[in-house]
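Have a look at the structure below, then the notes.
The values are calculated or read from the model by the stated rules, or taken from the named source; none is laboratory data. Nothing here was measured: the structure is a model prediction, and the numbers come from that model. Neighbour counts are summed over all protein chains in view; Cβ atoms, including those assigned to glycine, are modelled from backbone coordinates with ideal geometry.
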């Protein structure tokens, strides 16, 4: 490893991504080129690479190093009750639909460290729906899923989480749902027992169940259009007729070739229903 300024050119980037796909079956080719270049450049500078060939050799020859590479270049930013108006819309407009079902399956795709999954579980509990629900959290990054499985988060985030919870219409105190230990909070077991976490690659993996609600927020913005279409196809196949899809505030199905497969339940919040085709 060398100190200096990292340079990432398109040809060497393509060579690296092709090698990763060939050896590890991780396909990053559909990711936004500028986004992934920025993240690889930051990774190279942090690990003091100036040469893409040296980075490729390290990533390809050391599987453990490749795992760290994936952890660093994938986006793992999330919060509890992020964008509270979205969660309020779930409570007011989606939960009445879910309430009619005998059993509820929810998929949080690209869930990162799981804060959104715990947010959903809390709101389902308050609506009397958690006992008949199963929440699946998936991500490309196995390490962040360990955090989600344990439900342990830094105490210094809780003030923001509590404010978001109140703004989305929470009916209790958020502190009812966790215990304090040192400078961390541990969310209650009765929330965790309704969750299943596993590694899933939205680019290469297939549908693994039929869901009534899928949330994939602030993931598609990092993908090029062809890959966005592929992922929305996956969600469409994974939703039951009348199932509901929630995307991020800057995401839409505007350029999706089969956008008529969905109708908006709440367009500003990017919540839509799969038509019963």
### Query
Looking at residue 213, is it crowded, with 19+ Cβ neighbours inside 10 Å and in contact with a strand residue (DSSP E or B) (Cβ under 6 Å, 6 or more places away or on another chain)?
yes
Margin query: When you check residue 60 against the structure, is it free of Cβ contacts under 8 Å to residues at least 60 places away in the same chain, in a loop (DSSP other than H, G, I, E, B) and either out of contact with any helix residue (DSSP H, G or I) (no Cβ under 6 Å at 6 or more places or on another chain) or over 29 Å from residue 243 (Cα atoms) (or both), yes or no?
Written below: no
(1) assigned to a loop (DSSP other than H, G, I, E, B); (2) under 17 Å from residue 28 (Cβ atoms) all hold for residue 230 apart from (1)
Among strands (runs of 3 or more DSSP E) entirely inside segment 169-220, those with 3 or more residues being touching a residue at least 40 places away in the same chain (Cβ under 8 Å) and either at negative phi or touching a helix residue (DSSP H, G or I) at 6+ places or on another chain (Cβ under 8 Å) (or both) are 195-199, 211-216
How many residues of segment 132-149 are in contact (Cβ under 8 Å) with a residue 24 or more places away in the chain and either more than 21 Å from residue 273 (Cβ to Cβ) or not assigned by TED's automatic domain parsing to the domain that holds residue 235 (or both)? The answer is 12
Subset of segment 254-266, residues assigned to a loop (DSSP other than H, G, I, E, B) and crowded, with 16+ Cβ neighbours inside 10 Å, comes to 256
Of (1) loosely packed, with under 15 Cβ neighbours inside 10 Å; (2) over 30 Å from residue 249 (Cα atoms); (3) in contact with a helix residue (DSSP H, G or I) (Cβ under 8 Å, 6 or more places away or on another chain), residue 18 satisfies every one except (3)
Residue hits (segment 235-251; surrounded by 17 or more Cβ atoms within 10 Å (Cβ to Cβ) and either at pLDDT 95 or above or farther than 19 Å from residue 91 by Cβ (or both)) are 235, 236, 238, 239, 243, 244, 245, 246, 247, 251
| task | Kindly indicate whether residue 95 is more than 16 Å from residue 248 (Cα to Cα), under 23 Å from the mean Cα position of the chain (by Cα) and buried (at least 16 other Cβ atoms within 10 Å of the Cβ). | result | yes
- Query: Would you call residue 218 surrounded by fewer than 16 Cβ atoms within 10 Å (Cβ to Cβ), under 19 Å from the mean Cα position of the chain (by Cα), within 24 Å of residue 262 (Cα to Cα) and modelled with pLDDT under 95?
  - Reply: no
Exactly one of 251, 269 is over 16 Å from the mean Cα position of the chain (by Cα) and outside any strand (DSSP E or B), and that one is 269
Residues of segment 234-261 being closer than 17 Å to residue 109 by Cβ and without any contact (Cβ under 8 Å) to a residue 24 or more places away in the chain, in sequence order, are 252, 253
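Can you pull out the residues in segment 152-165 that are part of a helix (DSSP H, G or I) and loosely packed, with under 15 Cβ neighbours inside 10 Å?
Within segment 152-165, 155, 156, 157, 159, 160, 163 meet the criteria.
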In segment 78-92, anything under 13 Å from the mean Cα position of the chain (by Cα) and either buried (at least 20 other Cβ atoms within 10 Å of the Cβ) or within 26 Å of residue 263 (Cβ to Cβ) (or both) is listed as 78, 80, 82
Over segment 116-134, the set of residues touching a strand residue (DSSP E or B) at 6+ places or on another chain (Cβ under 9 Å) and crowded, with 23+ Cβ neighbours inside 10 Å is 116, 117, 118, 120, 121, 122, 124
Within segment 168-215, the count of residues that are modelled with pLDDT of 90 or more and under 15 Å from the mean Cα position of the chain (by Cα) comes to 9
